[in-house]
Every structure is written in structure tokens, then in C-alpha cells.
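Notes to accompany the following structure.
Laboratory data are not the source of any read-out in this text; all were calculated from the coordinates shown. Quantities reported herein were computed from a predicted structural model and do not represent experimental measurements. No Cβ is skipped: glycine too gets one built from the backbone with ideal geometry, and neighbour counts run over all protein chains shown.
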Amino acid sequence: MIEQALEEALAECRLTRGEFSELLVRLLDYGVICRDESQVETVLYDRFQRCEQLIREWLAPLGLRLQHDSRFQFIRIYPPGAEVPGMPDQDEPHHGGFRARLTQQEVAAILVLRVEYDKALREGQVDDNGCVALSLEALELGLRNLLKMSLPDKMAERKGLLKKLRQLRLIQFTGEEAESMAEIWLRVRPTISHFVSESTLQQLLGGQTPELEAEETEPERITPENEDHSLFASGESL
């Protein structure tokens, strides 16, 4: 019965089962799809628009929630119990079995990105795609001023951190082959404003340091891609 219902729904969406499976697995694995990230994500985002309701129906019984921003063309999925900006909290408690938290360094960088994005937004320094330009030096300064922290000492480790933030679709960055901080520039995506809740931002700006919990292990990927990022390694809103 379920098989037949799925086939009928896919026919209405003009999708094959393989196309639907590819989209659903990618979304579950990465946790986010941004249309302007790559040709692959352009195809998947456009495919999602043809079957959004069907995707929502398949995710709902799992307690997973979907956020679709049609203006900036991205989709993000949240694990059960996660606080989602702009969406009501779930009534049922969850114990975080799906999640492995970000490292302390990653959380700190994300918080500063949110502050810097909010500042640029107030000053009107946002491009047509809702993105903000930020130097790596400015990120370092923000970490020191707000959280009394700093970026990793080694350039390789810094680039590893940036790649993680890019995998979360929070930034794009240029200068991967650069040897100095001054040569690296970030493009902070509007997804950052959805990833970090307004209450967390106000807590930080009010002089309080949000709790920075970290967990070193990450779950195994469910797709054989080369980006070592999975939804439940970082899917909850900060």
C-alpha cells in the first residue's frame, strides 16, 4: 500500500524513485541544500520544489522539521527537539540521540559569524543574495572581543574550520591556497541567521557567554561523498 502510494505521488511530481531517494538522502546527510552552492545542489533544490509536500510528509513521522527559505533558496532540516528560529517548539521531549555536537571552536566561530552578519545587516552591507563579506582577520577579532578565544594557530587547522562552516552552508570562502589571514575572505550566507537563534544572539550581545558544549566524535556518513559532514553532527540550532 505504501509502495503504491509513493509511486502515485512521485508520478504527480514527475520524479523517479531514484531521484526522490537521491534528494532525500542528500538532505538527511548534509542537513542543508543551497541552490547557489553547486550544480548538484541547484538540481536538487529545483527537484525539491516539485515534491516539497511529499518530502515533508515523509519526514514528519520521524519528528524531523524542514525549513525552506524560498527568497535565498535554501532548505535546512532539523533533528527532533532542536530549537528552530521562526518555528514553534516541539511538545515531546527528545534526548539528542540523533545528534553529535559541534566542537567548541566551531560553535564559537558560528556565534561570531552571526554577530557580524547582524551588524552588516543593520548597516546595509548585504549583497543581492543576502550575503555579507567578512575577512578572516575580522572573524579572529570578533572571537577575541566577544568570547576571549582565537582561531587555531596553524593555517591548516584554520582552513579545516572554514571548510566545516562551508559544509554547514554558513559561509563560502576564497583564498584556500593563501598563506596569510589577510588573503582569506568569507562570504557569510543568510543561513546563519536561521542557524543561530535570536535569543542566543541577544545573550551573547548582553555580555553572557552561551554554553559551548563539544563532542569529539561524529556519526558515520550515509552517503559516499568526500565531504565529511552529516546532518546530525551539527543539525541543531544554536
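Pop the C-beta distance of S70 and E8 into the FRET formula with R0 = 41 Å and round what comes out to the nearest 0.05.
For R0 = 41 Å, the calculated efficiency reads 0.95.
Could you sort 196-205, 71-80, 54-63 so that the peptide with the highest average Cβ count within 10 Å comes first and the rest follow in order?
71-80, 196-205, 54-63
Within 10 Å, count the other beta carbons around each residue, average over each peptide in 8-17, 157-166, and list them highest first.
157-166, 8-17
If the cut-off is 20 Å between C-alpha atoms, which lysines fall inside it for K164, apart from same-chain ones fewer than 8 positions away?
Reachable lysines: K154.
Output the relative contact order of the range 1-68, whole-number percent, from Cα pairs under 8 angstrom with separation of 6+ residues.
Rounded, it is 23 percent for the range 1-68.
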